[in-house]
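Visitor: This is the structure I have questions about; it appears just below.
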Amino acid sequence: MIRPDLFDRLALAHAERERAQLSRRLRSVDQNDGSHLQIAGKQLLAFCSNDYLGLANHPQIVAALKNAADANGVGSTAAHLICGHNREHAALEEELADWTGRERALLFSTGYMANLGVLQTLLHAGDLCVQDKLNHASLLDAVRLSGAELKRYPHSDVAAVQRQLESRPDKLALLASDGVFSMDGDIAPLVHLATLCKKQQTSLMIDDAHGVGIFGKQGAGSVAAAGLSQHDVPVLMATLGKAVGTCGAFVAGSAALIDALTQSARSYIYTTALPPALAAATRTALRLVRADEWRREKLHKLIERFRRGALQLGLPLPDSTSAIQPILLGAAAESLALAQALEARGLLVTAIRPPTVRAATSRLRITLSAAHTEADVDRLLDALDACIPSAIRTARRSAIHQ
Ligand SMILES: *Cc1c(COP(=O)(O)O)cnc(C)c1O
């Protein structure tokens, strides 16, 4: 027997990806001024960032980062439990808890790590985790790491959730769902899920990475907008690298939850704390997220404008009230070709293909931001009108609205 070679297998997988037009390409951005990016000397109007409120370049946030770095340096120098926990981290955690109406909050370096830490802490082998099929990859990876049994239900299908929970009445159970789905932009049936979880003695976790900043009073998120408290949604997770415009993530909930994460979440314990200056910058960002209601109002107006225009053009646009407005195309090659045609017109929109989305649901993931203007949205609509063949339009619309 000759042992096969790992790199031969990589080469095969590479060839297969190329053939199926599923290879991803890394591109370096030279400059980012909010809505416009410069890539390889070319200015592109971007509709693919998650900077939904246009805060990533805000001068006050930049100044907060600089001032804190001047005063305290850059590196946190250690994990939180060693000596990396700075008073900026502590203050930010208190402000995040206050914002989301939770008892306490805990910072993580990324949302991916937060989800790994939560599920690994709460779930053991033999427990049950019920998840929406369209949940973010980090929630799926997290349940694998926890060793719990995973059951995935069809997107937002509350009756299916009920069947899955009833099929394992004896097990400790967690239901985890995105609040706003990252590739579709729609909102989970949060109130129904919370009601069902109470009946089924199941804990509910919502990942609101795309809901905070956008929905609810002071942008407290989709959970707040649905009127759900810590009692209804005991585990709330959200990221800081999207609407908040900086980087990192947090989990908010009871003191008991936060204490358990501090003691047991491996992705919290065994990693260097975020730079304190980043926490300082995020505190400034959070003040703006809460106070600048006009950013949310502007964003929602732009979303409405885009949807009105896109539906008039007969584009296959699923129901979404969030900043994520995908145009469902189906084939990967078609999505890629369309993204390239838009780029030739100076617009950057990313084609999202398997394995990020299911086969035959490749799409353009268009995201809007308060950094855009009405003229930007109109330019996007004109380009879509010019680039999308009529065969893709109304014909597929009926299928999508089912
Ligand atoms: C982006 C995202 C994450 C990961 O957050 P990062 O901070 O980028 O690691 C987790 N969940 C959802 C739903 C996301 O969209």
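Visitor: Rounded to the nearest 500, what is the 222 nm mean residue ellipticity of the chain from helices alone, with -39500 (n - 2.57) per DSSP H run of 4+ residues and division by all residues?
Guide: That calculation yields -13000 deg cm²/dmol at 222 nm.
Visitor: What's the extension gain from residue 333 to residue 305 if we count 0.36 nm per residue and subtract their Cα-Cα distance?
Guide: Roughly 7.3 nm would be gained on extension.
Visitor: Oh, and also: How many angstrom lie between the Cα centre of the stretch 129-175 and the Cα centre of the stretch 230-286?
Guide: Here the answer is 23 Å between Cα centres.
Visitor: Something else about it: Could you work out the mean projected area of the convex hull around the alpha carbons of the chain, in square nanometres to one decimal?
Guide: The Cα convex hull of the chain, projected and averaged over all directions, gives 22.2 nm².
Visitor: Kindly provide log₁₀ I(q)/I(0) values, in the same order as q = 0.13, 0.14, 0.23 Å⁻¹, from the Debye equation applied to equal alpha-carbon scatterers of the stretch 122-231.
Guide: The Cα Debye sum returns log10 ratios of -0.44, -0.51, -1.31.
Visitor: Let me ask another. About the Cα centre of the stretch 52-106, how large is the charge dipole given +1 on each Lys and Arg Cβ and -1 on each Asp and Glu Cβ? Please answer in debye to the nearest 20.
Guide: 140 debye
Visitor: Here's something else I'd like to know. Rolling a 1.4 angstrom probe over the protein heavy atoms, how many square angstrom per residue are accessible across the chain?
Guide: Spelled out: the 1.4 Å probe surface of the chain, per residue, equals 46 Å².
Visitor: Same structure, new question: Could you compute the FRET efficiency for residue 256 and residue 149, with r as their C-beta to C-beta distance and R0 at 25 Å, rounded to 0.05?
Guide: 0.55
Visitor: Follow-up question, since we're still on this one. Where Rh denotes the Kirkwood radius from the mean inverse Cα pair distance, what is Rg over Rh for the stretch 17-99?
Guide: 1.11
Visitor: Turning to a different aspect of this structure: Among 273, 61, 115, whose Cα projects farthest towards the positive end of the dipole of the chain, with charges put on the beta-carbon of Lys, Arg (+1) and Asp, Glu (-1)?
Guide: The residue sitting most towards the positive pole is 115.
Visitor: I've got another one for you. Could you tell me the largest-minus-smallest coordinate of the C-alpha atoms of the stretch 1-56 on each of the three principal axes, in descending order and whole angstroms?
Guide: Projected onto the principal axes, the Cα atoms of the stretch 1-56 cover 58, 23, 20 Å.
Visitor: Long-range amide H contacts for residue 186: which residues qualify at under 5 Å (H placed 1.01 Å from N, peptide plane, sequence gap of 5 or more or a different chain)?
Guide: Excluding prolines and chain starts, which carry no amide H, the hits are 181.
Visitor: By how many nm would the segment from residue 391 to residue 356 lengthen if fully extended, with 0.36 nm per residue of separation less the alpha-carbon distance?
Guide: Full-extension gain reported as 10.1 nm.
Visitor: Let me ask something else about it. For residue 162 and residue 1 in the same chain, what is the full-extension length gain: residue separation times 0.36 nm, less their Cα-Cα distance, in nm?
Guide: 52.9 nm
Visitor: What do you get for trypsin sites (Lys or Arg not before Pro) in the stretch 1-61 restricted to DSSP loop and a cutoff of at most 14 other Cβ within 10 Å of the site's Cβ?
Guide: 24, 25, 27
Visitor: Gaussian network model of the chain, Cα springs within a sub-10 Å range: biggest mean-square fluctuation belongs to which of 370, 331, 280?
Guide: Maximum fluctuation in the GNM of the chain, among the listed residues, is at 331.
Visitor: A follow-up question, please. Taking all protein chains as present, what is the carbon and sulfur share of the accessible area of the stretch 62-190, in % to the nearest whole number, probe 1.4 Å?
Guide: Percent of accessible area from carbon and sulfur atoms in the stretch 62-190: 54.
Visitor: For residue 60 and residue 91, FRET efficiency with R0 = 22 Å and r from the beta-carbon atoms, rounded to 0.05?
Guide: Approximately 0.85, to the nearest 0.05.
Visitor: Compute the orientation-averaged projected area for the stretch 59-291 from the convex hull of its Cα atoms and round it to one decimal in nm².
Guide: With every direction weighted equally, the projected area is 11.5 nm².
Visitor: State, to one decimal in nm, how far the label point of residue 71 lies from the label point of residue 341, with both points 7 Å from Cα in the Cβ direction.
Guide: 5.3 nm
Visitor: Give me the accessible area of residue 300, 1.4 Å probe, in Å² rounded to the nearest 10.
Guide: Here the accessible area works out near 50 Å².
Visitor: Turning to a different aspect of this structure: Measure off 7 Å from each Cα along the Cα-to-Cβ vector at residue 270 and residue 297, then give the distance between these two points in nanometres to one decimal.
Guide: Once both label points are built, they end up 5.0 nm from each other.
The values are calculated or read from the model by the stated rules, or taken from the named source; none is laboratory data. Since the model is a prediction, treat every value here as computed from it, not as a measurement. As a convention, Cβ positions derive from the backbone with ideal geometry for all residues, glycine included, and neighbour counts pool all protein chains shown. For the accessible areas, the whole protein counts, side chains as well, though only heavy atoms, and no ligand, DNA or RNA atoms are used. Shrake-Rupley method; radii C 1.70, N 1.55, O 1.52, S 1.80 Å.
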